[in-house]
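What follows is a single structure, written as C-alpha cells, with notes after it.
The values are calculated or read from the model by the stated rules, or taken from the named source; none is laboratory data. Predicted, not measured: the structure shown is a model, and the values here were computed from it. Quick reminder, even Gly has a Cβ in these numbers, built from the backbone with ideal geometry, and neighbours come from all protein chains shown. For the accessible areas, the whole protein counts, side chains as well, though only heavy atoms, and no ligand, DNA or RNA atoms are used. Shrake-Rupley method; radii C 1.70, N 1.55, O 1.52, S 1.80 Å.
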Amino acid sequence: MMIRGHTGVVKPNFSIMLLEMPTLKCHKFKFDTTSTFQTSPNHEKRRGLITKLQYSRGDWRTVSKSLHSTITSKPYSSKVGRKEGSASSLYSRPSLVEMKNVRQENRAKVYEFLRGIGIVPDELDGLELPVTVDVMKERVDFLLKLGLTIEDINNYPLVLGCSVKKNMVPVLDYLGKLGVRKSTFTEFLRRYPQVLHSSVVVDLGPVVKYLQGMDIKPSDIPRVLERYPEVLGFKLEGTMSTSVAYLVGIGVARREIGGVLTKYPEILGMRVARVIKPFVEYLESLGIPRLAVARLIEKRPHILGFGLEKRVKPNIQLLLEFNVREAYLSSIVAQYAEIIGMDLETKLPSQRNLLKSIIELDNDNFGTIIEKMPQVVSLSSSAVNSHVDCLKSCGFSLQQVKNMVIGCPQLLALNLDIMKHSFQFFQKEMGRPLDDLVAFPAFFTYGLESTIKPRHRKVVQKGVTCSLSWLLNCSDEKFAERMTYDTIDMEEMETAPTFDMSSLTQPRYDESDSDYEEDSEEET
C-alpha cells in the first residue's frame, strides 16, 4: 500500500489544501522512511534527535541511542537509580520510596549527633531539619556562642529548625539595630526562643511600630523588649489593644499610657477579663475609688502583676489577722501598694518581733503602726535600731519612745540628720518640754526652714501659746486664718494627721513621668 499524500475536503469558496507527507512503505511489519529531513549546518549537533525506528517480526525493541546520548550529556547524579532499560522513563532517578529511605537515613545520623551532645531530639519528629550533620552542628554551635546551653536547647528544641543565615542572623541583627543590648541576647532567647522563627518584616516590624503608636518612645523600645520579649509574639488587635483600652476606660490618663507600658510592658499580655478587671474591682471593694486605682496604676503599674488569688487576697487577710482594722485597708494599699504583693506571711511576724524586742511593742499596737505607716513592714532592723537610739539620745525614755513610735511610726524612717537639727531648734529656740514632742511626735516630719521656723516666729510675735499640733498640723492658708483668732480652738489642737484618699482622685497637673526607670522594688 502506497500513501502519497492527503487531500483536504473541497467546499465552495474554500481553497484546496494539499499536504505532501513522507512516503511510507509497509512490508512485513517493517517501516522505512523514504523521505529525508534536510538540516542546516547550524543544526548539525541536533542530528542525534532524529531517530530511526525499526520494527521486525517478534522483536519490538526501542532504539534511542541518539536521544539518550543527548539527554545523558548531563547525567543524573544519584546513588540510587532506576534499573537500566526501564521503559517508563528516559531519566535515571530514585523512586519515592528510595528517596524517603535516604531522608530517614540522614535524619538518623542527625539524631545520633544530637544525642551525642546531650540534646533529646524526640520533639523534632515532623520538623524539617538539615540533611547533614555538619549543618546541624553549625546551628548548635551558633546557639552556644550566643550563651545558650544544652539545657536551654532541650527546653525548646524546635529552635534547631531555624536556619542560621535565614532566621537567626536576620532576627538578631534587627534587634541589635533597634538598640537591644547584645549582653541581653542570652536571656532574651531563653525567655522567648520563638523569636528566631519570626519574620522581621511580617512579624517583628509591625509589633515595634504598634508599640511606638502607644506613645512608647523609640529610645525606650529596646528596654521594653528586653524586659518583656514575649510581646513580639502578640497579635496587634488582640490582648494588647483590649488591655490598654480598659485602662483608659477606668481613668488612666491617655498621655500616661506610654509611661505605664514602658515601666511594666507585661500589661500588654494580660487578659482584661481574667486579670486586670478582677484586680481593679477587688481594690474597689476595699474602699479605693476607681479613679484612685487608676492613679495607683499610673505610678506603680507593676501592682497589676501581683497574683490576685495567690498573693493579694491572702495578704489582705493576713493584715486583718495582725490587728489591722478593716476600715484602714484602703488607705494602707493607697499609701503603699507594694504591701499587697509581698510575702507578708514571713514579713509581718518578723517585723512585729523586731519592734517587740526593741521598744517592747505589744501585738495590738503593731496593727495601729501598720495603719499609719504600712512601709514599716519593709524596714530593716538596723534602721529601726538607729532611729530608736537617736530618740533615746535626745533624752526620751523607752516608754516615751514607744508612745512616739505608736503615734508617728514615720519616726523610724526619717533622715537622722534632719531629726537632730529639728530637735536642736525645738530645744534651744522653742524651749518647750519633751512631753510636747511625745504628744506630737509628727513635729519631726515637718520642714524646719519651710514650716517650723516661720510659724514659730509668728506665734511668738502674736504672743500665742499653743500646742505643736495646733501650730503645725494645718495648711499655710489655715495657719494664716488661725493667726486671726483671738482665742485658740481646742478642737483643732487635737487633730491628728491622716492619709487623705481624695488626694489620689484630684486632677493631675504635673508633667508625665513616663521616662523609663527600672523599678528598684523586688517584685514577688
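Let me spell it out: the conditions are (1) open to solvent by less than 80 Å² (accessible area, probe 1.4 Å); (2) at pLDDT 65 or above; (3) more than 29 Å from Gly367 (Cβ to Cβ); (4) polar (S, T, N, Q), and Ser467 meets all of them except one. Which number is the exception?
The failed condition is (3).
Identify, please: which residue in the stretch 167-209 is in contact with a helix residue (DSSP H, G or I) (Cβ under 7 Å, 6 or more places away or on another chain) and among the hydroxyl-bearing types (Ser, Thr, Tyr) and is, among those, nearest to Asn154 (Cα to Cα)?
Of everything passing the filter in the stretch 167-209, Tyr192 is nearest to Asn154 (Cα to Cα).
Within the stretch 138-169, can you find the residues that are part of a helix (DSSP H, G or I), β-branched (Val, Ile, Thr) and open to solvent by 30 Å² or more (accessible area, probe 1.4 Å)? Spell out how you get there, then give the answer.
To start, the set of residues in the stretch 138-169 that are part of a helix (DSSP H, G or I) comprises 138-145, 150-155, 157-161, 164-169.
Going one step further and asking which of them are β-branched (Val, Ile, Thr), we end up with 140, 150, 153, 159, 164, 169.
Across the stretch 138-169, the qualifying residues are Ile150, Val169.
Scan the stretch 339-358 and report the pairs whose first residue is farther than 12 Å from Leu379 by Cα and whose second residue is open to solvent by 40 Å² or more (accessible area, probe 1.4 Å) and in a loop (DSSP other than H, G, I, E, B), with Cβ atoms within less than 9 Å and a gap of 6+ or a chain change.
Gly341/Glu521; Gly341/Glu523; Gly341/Thr524; Met342/Glu522; Met342/Thr524; Asp343/Thr524; Lys356/Asp362
Out of the stretch 124-142, which residues are under 32 Å from the mean Cα position of the chain (by Cα) and farther than 17 Å from Lys166 by Cα?
Answer for the stretch 124-142, where residues must be under 32 Å from the mean Cα position of the chain (by Cα) and farther than 17 Å from Lys166 by Cα: Leu124, Asp125, Gly126.
Quick check, is Leu329 in contact with a Phe, Trp or Tyr (Cβ under 8 Å, 6 or more places away or on another chain) and at pLDDT 95 or above?
no
In the set Ile250, Ile267, Ile257, Ile276, which member is open to solvent by less than 40 Å² (accessible area, probe 1.4 Å), of a type in the set (Val, Ile, Thr) and within 30 Å of Gly367 (Cα to Cα)?
Ile276
Taking the criterion of being within 24 Å of Lys347 (Cβ to Cβ) and at pLDDT 95 or above, would at least one residue in the stretch 417-425 satisfy it?
no
Just give me the residues in the stretch 367-400 being more than 17 Å from Gln351 (Cα to Cα) and not in a loop (DSSP other than H, G, I, E, B), in sequence order.
Selection gives Asp389, Cys390, Leu391, Lys392, Ser393, Leu398, Gln399, Gln400.
As an exercise: evaluate Pro229 against (1) within 14 Å of the chain's Cα centre (by Cα); (2) open to solvent by 10 Å² or more (accessible area, probe 1.4 Å); (3) under 23 Å from Ile276 (Cα atoms) and give the number of the one condition it does not meet.
Going through (1) within 14 Å of the chain's Cα centre (by Cα); (2) open to solvent by 10 Å² or more (accessible area, probe 1.4 Å); (3) under 23 Å from Ile276 (Cα atoms) one by one, Pro229 breaks only (2).
Would you be able to say whether some residue in the stretch 473-486 is assigned to a helix (DSSP H, G or I) and among the aromatic types (Phe, Trp, Tyr)?
yes
Have a look at Val293, Val324 and point out the one that is part of a helix (DSSP H, G or I) and either in contact with a helix residue (DSSP H, G or I) (Cβ under 6 Å, 6 or more places away or on another chain) or of a type in the set (Lys, Arg) (or both).
Only one candidate passes the filter, namely Val293.
Any idea how many residues of the stretch 198-246 are among the β-branched types (Val, Ile, Thr), assigned to a helix (DSSP H, G or I) and more than 30 Å from Lys165 (Cβ to Cβ)?
Residues that pass the stated criteria total 3.
Given the criteria open to solvent by less than 40 Å² (accessible area, probe 1.4 Å) and hydroxyl-bearing (Ser, Thr, Tyr), does Ser330 qualify?
Answer is yes for this residue.
Can you list the helices (runs of 4 or more DSSP H) lying wholly within the stretch 409-464 that have 2 or more residues being open to solvent by less than 70 Å² (accessible area, probe 1.4 Å) and within 26 Å of Glu371 (Cα to Cα)?
In the stretch 409-464, the matching helices (runs of 4 or more DSSP H) lie at 416-425, 434-439.
Collect the residues in the stretch 285-321 that are open to solvent by 10 Å² or more (accessible area, probe 1.4 Å), under 27 Å from the mean Cα position of the chain (by Cα) and either of a type in the set (D, E, K, R) or over 27 Å from Gln351 (Cα atoms) (or both), keeping them in residue-number order.
Arg290, Leu291, Arg295, Lys299, Arg300, Glu309, Lys310, Arg311, Lys313
Which of the residues spanning the stretch 329-352 are of a type outside the set (Ser, Thr, Tyr) and farther than 15 Å from Leu318 by Cβ? Show your work before the answer.
Filtering the stretch 329-352 for residues of a type outside the set (Ser, Thr, Tyr) gives 329, 332-335, 337-345, 347-349, 351-352.
Matches in the stretch 329-352: Ala334, Gln335, Ala337.
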